[in-house]
Amino acid sequence: MKKFIGISILALLAGFSVNAQSTADKVGKDVEKGATKAGDKTAEIASKGKAGVTDKIYKDKEGPNGETIYIDKHSKYYWIDKKGHKIPIEKNKLKTKPKN
């Protein structure tokens, strides 16, 4: 009988540790997603800030989805994505901004 109780308690504790581990994995993944999202937003804001200071903003045109277009010192057109990357774009693919 003592062996049965001992084995039952051991099995119960093992079940709790597995459940705790899976919960910890879920929390870890959520934290990782949040950190990645925050890092991407920080990079986007930093890139847009730098581009706004060093490059010219093309006021009459916009990107395919309404993005702000920048012109660098080599007269190359680009916009900045949500991860802070410069995405080059050809002048003929720019859209005229709608007049409000």
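The values are calculated or read from the model by the stated rules, or taken from the named source; none is laboratory data. Values in this document were obtained by computation on a predicted structure and should not be read as measured data. Here the Cβ positions follow ideal geometry from the backbone for every residue, glycine too, while neighbour counts run over all protein chains shown.
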- Query: Which of the residues belonging to segment 20-44 are within 18 Å of PRO88 (Cα to Cα) and of a type in the set (A, V, I, L, M, F, W, C)?
  - Reply: ALA43
- Message: I want to confirm something. Restricting to segment 1-24 and keeping residues that are surrounded by fewer than 10 Cβ atoms within 10 Å (Cβ to Cβ) and modelled with pLDDT of 70 or more, which single residue is farthest from TRP79 (Cα to Cα)?
- Response: LYS3
- Message: What's the number of the only condition in (1) aliphatic (A, V, I, L, M); (2) under 15 Å from LYS83 (Cβ atoms); (3) modelled with pLDDT of 90 or more that ILE57 fails to meet?
- Response: (2)
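Take segment 62-78 and flag every residue that is touching a helix residue (DSSP H, G or I) at 6+ places or on another chain (Cβ under 9 Å) and at pLDDT 90 or above. Explain how you work it out, then say what you get.
So in segment 62-78, the residues touching a helix residue (DSSP H, G or I) at 6+ places or on another chain (Cβ under 9 Å) come out as 63-64, 68, 70, 72-73, 77-78.
Residues satisfying the conditions are THR68, TYR70, ASP72, LYS73, TYR77, TYR78.
Is it true that LYS95 is among the charged types (D, E, K, R) and at pLDDT 90 or above?
no
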- Query: Of all strands (runs of 3 or more DSSP E) completely enclosed by segment 48-87, which ones contain at least 2 residues that are more than 24 Å from the chain's Cα centre (by Cα) and surrounded by fewer than 13 Cβ atoms within 10 Å (Cβ to Cβ)?
  - Reply: 56-62
